[in-house]
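Remarks on the structure that follows.
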Amino acid sequence: MHPNYVRIFDTSLRDGEQAPGASMTSAEKLEVARTLARLGVDVIEAGFPAASPDDLAAVQAIAAEVGQTPVEGRPQAEPPIICGLARCTRGDIETAWQGVKGAKRPRIHTFLATSDIHLKHKLRLSRPEVVARATEMVAFARSLCADVEFSPEDAGRSDPLFLYEVLEAVIKAGATTLNIPDTVGYTLPDEYGAMIAGVIAHTPGAKDVIISTHCHDDLGLAVANTLAGLRAGARQAEVTLNGIGERAGNASLEELVMAIRTRGEKVGLHTGIDTPQLCRASKLVSRVTSYPVPPNKAIVGANAFAHESGIHQDGMIKNAQTYEIMRPEDVGATQTTLVLGKHSGRNAVSKRLGELGYPLEGEALARAFAEFKKLADRKKAVHDADLIALASDERTAPPELWVLQDLQVVCGTTGLPTATVRLRGPDGKSHVHSAVGTGPVDAAYKAIDQLVATPVQLLEFVINAVTEGIDALGTVSVRVRHDDQRSCHGHGADTDIIVASAKAYLAAVNLVLSREPAAPVHAQKSAVPAEVPVS
């Protein structure tokens, strides 16, 4: 590998998923992993297998599929490394190995804190005990897997001499990658760069392994710190799409990659990322996590290549380089729009979906095309963003045990908000119920509850407009929890936001039902979800 090549280690599926409310289903994680592989990511940290049986299953599925076959056109000749995180315990490490061993290139990533504040207040271990445990567990991981990464948690606040001692011990025990995390986003760029340089200079054996960065954004310095670490000699960067993660998030993959590409002559580094796929990957992660991308987000935000100022517009007309340091197409943010409407045929829709990176075939295409026709009857033009929303719903849709057939609501300043819902049930028959709520969405959800007889708690309700204008396609994302299960997401898209809300809620309930034993079609009582805002 070229000495100035930077491995991109994406942890959107692990550290990114730890952001509050950003948990993903196994199907969603697999879809994101496929996208990461197409993007050219070198290492995919697929999850924390010991966290839950579902996380273990997701990591195993990713290892078996994404970790086995190189993606056609991918810059690298091999499939990505599939990594599983583990605490420094035998149980975690064994479970991580069970998760990743199906990959062609598996990796176990284990960690143990090294800062005095963590040792005293969290681990309650002495320094010699930390060295002993880290050494023993890295050696155990290496006995299972040839590729082992070790992270000294909170390295940014650790005593450098003790840090070198721990790192020397784990190298001797078999670690192949040393990740130096700024766990709480505390360091400044010059400090983080100096820490990486110090590790390389003062840790015996450090020059024979890969040094990695992992920076959090608590002070808004994650990308700057990562660049400082890479320029100091690190050759792996741990990042997430859209910068999602714990607290203020992680270093943003798209920002780091485009900084390296745009300022390549200055930094002297390069990656294997296929940058025109960045916007698509960003939108997918935003959708499955229900974390909207801010309009002013660098690289992938809606305004990243927008110009309103007259002075800027004049400059852009004369030469785009006056105000743009990269081209929109470099990151997949092309401004070209194929106008589709009610007279468009299936082939035209299929072709455009393929160009957007959402190839659909057979029944999936038929369903998406049917929804496209319904939407085209209500809009003068169907835009790319509309198509992506329809295709995304189709590709991540849960089993349709209950299907929305009709919805009617009555609401306003007088009278009680009422919704009547007609659903096709698992028995193939239509079932109708009406309910009163605090608003039309709440009423619709209560009516659905009465029909499906599955008590769930509504945890999150998010509405976004996909395109501009009064006829914009709206998307709704909801998150529900049933009993003590992990939460389930549901998504719905429609020009009628109440219908989109019902579709999203029903999708989440269907996902809950698909994980539960079959229940009777009718029940007289069911729990009422938490109230939602009146749309």
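The values are calculated or read from the model by the stated rules, or taken from the named source; none is laboratory data. Because the structure is predicted, anything quoted here is derived from the model rather than measured. Ideal geometry is used to build each Cβ from the backbone, glycine not excepted, and the neighbour counts take in all protein chains shown.
Is it fair to say A232 is under 23 Å from V257 (Cβ atoms) and within 26 Å of the chain's Cα centre (by Cα)?
No; evaluated as a whole, the condition is false for this residue.
Take the residues in segment 454-505 that are assigned to a loop (DSSP other than H, G, I, E, B) and under 17 Å from G437 (Cα atoms), then tell me which one is modelled with the highest pLDDT.
Selected residue: V456.
Go through the residues of segment 118-135 one by one and say whether even a single one is surrounded by fewer than 17 Cβ atoms within 10 Å (Cβ to Cβ), assigned by TED's automatic domain parsing to the domain that holds K207, in contact (Cβ under 8 Å) with a residue 12 or more places away in the chain and among the β-branched types (V, I, T).
No, the conditions are met nowhere in segment 118-135.
Please verify whether L407 is at pLDDT 85 or above and either out of contact with any helix residue (DSSP H, G or I) (no Cβ under 6 Å at 6 or more places or on another chain) or within 27 Å of A444 (Cα to Cα) (or both), treating the condition exactly as stated.
Considered against the rule, which asks whether it is at pLDDT 85 or above and either out of contact with any helix residue (DSSP H, G or I) (no Cβ under 6 Å at 6 or more places or on another chain) or within 27 Å of A444 (Cα to Cα) (or both), L407 comes out as yes.
Based on what the data block shows, is A139 surrounded by fewer than 20 Cβ atoms within 10 Å (Cβ to Cβ) and touching a residue at least 24 places away in the same chain (Cβ under 8 Å)?
Yes, satisfied.
Does E255 satisfy the criteria of being modelled with pLDDT of 95 or more and farther than 28 Å from G492 by Cα?
When the stated conditions are applied, E255 passes them.
Within segment 91-125, work out how many residues are touching an Asp or Glu at 6+ places or on another chain (Cβ under 9 Å) and under 15 Å from S143 (Cβ atoms).
4
Would you check which residues across segment 68-111 are touching a Lys or Arg at 6+ places or on another chain (Cβ under 6 Å) and buried (at least 22 other Cβ atoms within 10 Å of the Cβ) and list them?
Residues satisfying the conditions are I81, C83, L85, C88.
Hey, could you check segment 142-175 for residues that are touching a residue at least 40 places away in the same chain (Cβ under 8 Å) and of a type in the set (D, E) and say which is surrounded by the most Cβ atoms within 10 Å (Cβ to Cβ)?
Among those that are touching a residue at least 40 places away in the same chain (Cβ under 8 Å) and of a type in the set (D, E), it is E149.
Can you name every residue in segment 20-41 that is more than 10 Å from the chain's Cα centre (by Cα), touching a residue at least 60 places away in the same chain (Cβ under 8 Å) and within 21 Å of L459 (Cβ to Cβ)?
Hits for segment 20-41 are G21, T25, A27.
This table checks each residue for (1) at pLDDT 80 or above; (2) closer than 30 Å to Y186 by Cβ; (3) part of a helix (DSSP H, G or I); (4) in the same structural domain as G354 (by TED's automatic domain parsing).
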residue	(1), (2), (3), (4)
N242	yes, yes, yes, no
R261	yes, yes, yes, no
P276	yes, no, yes, no
A304	no, yes, no, no
H307	no, no, no, no
D314	no, no, yes, no
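Restricting to segment 395-449, and then to whatever is part of a strand (DSSP E or B) and polar (S, T, N, Q), can you tell me which residue is nearest to G492 (Cα to Cα)?
Q405
Based on what the data block shows, is D10 acidic (D, E) and out of contact with any helix residue (DSSP H, G or I) (no Cβ under 6 Å at 6 or more places or on another chain)?
no
Please work out which residue is modelled with the lowest pLDDT, limiting yourself to segment 331-349 and to residues that are farther than 17 Å from Q277 by Cβ and surrounded by 16 or more Cβ atoms within 10 Å (Cβ to Cβ).
Within segment 331-349, the match that is modelled with the lowest pLDDT is L338.
Could you list, ordered by first residue, the pairs with Cβ atoms under 8 Å in which the first is in segment 90-102 and under 10 Å from L144 (Cα atoms) and the second is aromatic (F, W, Y) and assigned to a helix (DSSP H, G or I), at least 6 apart or interchain?
I93/F140
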